[in-house]
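J.: Would you mind keeping the following structure in view while I ask a few things?
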Amino acid sequence: MVDQKTGVLGLIGYPLEHSLSPRLHNQAIVELGLNFVYLSFPLKPEQLEDGIRAIRALGLRGVNVTIPYKERVLPYLDQLDPLAAKLGAVNTIVNNHGLLTGYNTDINGFCRMLEEDGGFRIRGKRALLLGAGGAARAVAFALCQQGIAALTIINRTADKARHLQKTLHGYYPGVRLATAKLSRPELTAWSDPLDLIVDTTPIGMAPQLEVEPVIPLEVIRQAHLVVDLVYNPPETSLLRAAAQVGVQGLNGMGMLLYQGIEAFKLWTGQEPELNSWRELVKSV
Ligand code: NAP
């Protein structure tokens, strides 16, 4: 029951109709018997600054931040967790008596998915990363932070891949970094040893179910694990191709759930039940 002491959590972004976060967090609140409520706050770009001020003024405990504001909220916060500061993107804000701290739980969410769902240890491995947008940045920082040995970033817009490479090199000079333009001939000629492929592009996301994966089967075959950050549909054309050549595949659902678990813990100190969230997602 909502009363004077109910803590308010929420999600800011625009648009928000398709987000699963309100359902996931409210289910965890009920299951853990906590006095919180999680609401959706769609904010237009011109409302963003007022929206962040309202977190303080109205005493919200915290919010998740999603597209298109993960970078744009930074100037309005009081402090940043060191990893969020490196990445330059925030997906969780915690309000401690008016002091707003920005975190990025996508980074640990991705690592936890690889380790717990994929049984994959990042340290010393070699990875191919497709894309250089917001999700790719979080994945690249996660991999470098955990000691990946070599990372090649392949993107449709080659400049963006090079820019990400430069940023990463400044923080992680020990990682062997390379970039390439996304093209099938370039990928077909790939011959370097490879442990992990992560696709952070929206290719294969519903309703585009039948698109051909951009990574040729000969390259997929070399990896131990293929991750597609898309989770709708659960099995994308890339993951079908991986299964076809006997390579383990993971969709992005684990990352979504683990980043949410970490955010929830930052606000409430308690951990949602992972399997209960998995059941909820299956039923949607
Ligand atoms: P973004 O910042 O817009 O970046 C999109 C990336 O995909 C860019 O590198 C873009 O290349 C590339 N791309 C887009 N369309 C392409 C196409 N037709 N062919 C080749 N490359 C293409 O988006 P984002 O926030 O990174 O999100 C990307 C995907 O990750 C989305 O599907 C999103 O749902 C998913 N995601 C999942 C999670 C999770 O928790 N599982 C979290 C975040 C995001 P250019 O640079 O050339 O434009």
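J.: Compute the relative contact order of segment 107-251 as a whole-number percentage, counting only Cα pairs closer than 8 Å that sit 6 or more residues apart in sequence. Numbers along the way, then the final one.
T.: Numbers: 277 pairs, mean separation 30.5, N = 145.
The normalised contact order for segment 107-251 reaches 21 percent.
J.: To the nearest 20 debye, what charge dipole does segment 12-113 have about its Cα centre, counting +1 at the Cβ of each Lys and Arg and -1 at the Cβ of each Asp and Glu? Show your work: numbers first, answer last.
T.: On the way: 9 positive and 9 negative charges, 19 e Å.
That gives a dipole near 100 debye.
J.: Counting Lys +1, Arg +1, Asp -1, Glu -1, what net charge surrounds Glu273 among other residues with beta carbon under 11 Å of its beta carbon? Present the calculation step by step, with values, prior to reporting the outcome.
T.: Details: positive: Arg278; negative: Glu31, Glu271, Glu279.
Spelling it out: positives minus negatives among the neighbours equals -2.
J.: Could I ask something else about it? Can you find, among His224, Ala178, Leu114, the residue sitting farthest towards the positive end of the charge dipole of segment 107-251, where Lys and Arg contribute +1 and Asp and Glu -1 at Cβ?
T.: Ranked along the dipole, the leading option is Ala178.
J.: Follow-up. Restricting to bridges with both residues inside the chain, how much of the DSSP beta-bridge set is antiparallel, in percent to the nearest 5?
T.: Working: 8 of 44 bridges.
Once the DSSP bridges in the chain are tallied, antiparallel ones form about 20 percent.
J.: Treat every Asp and Glu Cβ in segment 107-251 as -1 and every Lys and Arg Cβ as +1, leave all other atoms uncharged, and give the resulting dipole magnitude about the Cα centre to the nearest 20 debye.
T.: Numbers: 15 positive and 13 negative charges, 116 e Å.
Computed about the Cα centre, the dipole is about 560 debye.
J.: Just the number please: accessible area per residue for segment 107-251, 1.4 Å probe, all protein chains included, in Å². Don't skip to the answer; put the middle values down first.
T.: Values: 6630 Å² over 145 residues.
On a per-residue basis, 46 Å².
J.: Which whole-Hz couplings ³J(HN,Hα) result when phi for each residue of segment 213-219 is put into the Karplus expression 6.51 cos²θ - 1.76 cosθ + 1.60, θ = phi - 60°, listed in order with x for Gly and Pro?
T.: x, 6, 8, x, 4, 4, 7
J.: Also, quick follow-up: Describe numerically, in nm with one decimal, the distance between label points set 7 Å from Cα along Cα→Cβ at Leu280 and at Val211.
T.: Between Leu280 and Val211, the simple spin-label model gives 2.9 nm.
J.: For Tyr14 and Val30 in the same chain, what is the full-extension length gain: residue separation times 0.36 nm, less their Cα-Cα distance, in nm? Don't skip to the answer; put the middle values down first.
T.: On the way: separation 16, 0.36 × 16 = 5.76 nm, distance 2.63 nm.
Taking 0.36 nm per residue and subtracting the Cα distance, the gain is 3.1 nm.
J.: Find which of Val8, Ser276, Thr101 sits farthest along the positive direction of the dipole of the chain, computed with +1 on the beta-carbon of Lys and Arg, -1 on that of Asp and Glu, about the Cα centre.
T.: Thr101
J.: Let me ask something else about it. Enumerate the calculated ³J(HN,Hα) couplings along segment 82-97 in order (Karplus 6.51 cos²θ - 1.76 cosθ + 1.60, θ = phi - 60°), each rounded to whole Hz, writing x wherever the residue is Gly or Pro.
T.: x, 5, 5, 5, 4, 6, x, 8, 10, 10, 9, 10, 10, 9, 9, 6
J.: To continue, here is another question. What does the charge dipole of segment 195-284 about its Cα centre add up to, to the nearest 20 debye, if the Cβ of each Lys and Arg holds +1 and the Cβ of each Asp and Glu holds -1?
T.: Numbers: 5 positive and 11 negative charges, 23 e Å.
Result for segment 195-284 is approximately 120 debye, rounded to the nearest 20.
J.: Does segment 107-251 classify as rounded, prolate or oblate by the C-alpha gyration tensor (a ≥ b ≥ c root eigenvalues; a/c under 1.5 gives rounded; else a/b over b/c gives prolate, otherwise oblate)? Walk me through the numbers before you get to the answer.
T.: Values: a/c = 1.44, a/b = 1.26, b/c = 1.15.
In terms of gyration-tensor shape, rounded.
J.: In whole Å, what is the distance between the alpha-carbon centres of segment 128-164 and segment 196-251?
T.: With segment 128-164 and segment 196-251 each reduced to a Cα centre, they are spaced 17 Å.
J.: At a threshold of 8 angstrom on Cα-Cα distance, excluding pairs fewer than six apart, so keeping six or more, what relative contact order does the chain reach in percent?
T.: Working: 527 pairs, mean separation 41.8, N = 284.
That works out to 15 percent.
J.: I've got another one for you. Using the Karplus equation 6.51 cos²θ - 1.76 cosθ + 1.60 (θ = phi - 60°), what ³J(HN,Hα) coupling, rounded to whole Hz, does each residue of segment 146-162 give in order, writing x for Gly and Pro?
T.: 8, x, 4, 7, 9, 9, 10, 9, 10, 9, 4, 9, 4, 4, 5, 5, 5
J.: Report the net charge of residues surrounding Gly131, where surrounding means a beta-carbon distance below 13 angstrom and charges are Lys +1, Arg +1, Asp -1, Glu -1. It would help to have the intermediate numbers written out before the result.
T.: Numbers: positive: Arg137, Arg156, Lys160, Lys181; negative: Asp199, Asp228.
Residues near Gly131 contribute +2 overall.
J.: Eight or more residues apart or on different chains, and alpha-carbon atoms under 15 Å: count the Lys pairs in the chain matching that. Walk me through the numbers on the way to the answer.
T.: Values: Lys44/Lys70; Lys70/Lys86; Lys86/Lys166; Lys160/Lys181.
Eligible lysine pairs with Cα atoms under 15 Å apart amount to 4.
J.: Hey, another quick one. First compute the accessible area of the chain with a 1.4 Å probe, then give the percent of it belonging to carbon and sulfur atoms.
T.: On the way: 7050 of 13470 Å².
Within the chain, the accessible surface is 52 percent carbon and sulfur.
The values are calculated or read from the model by the stated rules, or taken from the named source; none is laboratory data. None of these values were measured; they are calculated from a predicted model. When we count neighbours, we look across all protein chains shown, and the Cβ atoms used for this are built from the backbone with ideal geometry, even at glycine. Ligands, DNA and RNA are stripped out before the accessible areas are found, and what is left, the full protein with its side chains, is counted by its heavy atoms. Shrake-Rupley method; radii C 1.70, N 1.55, O 1.52, S 1.80 Å.
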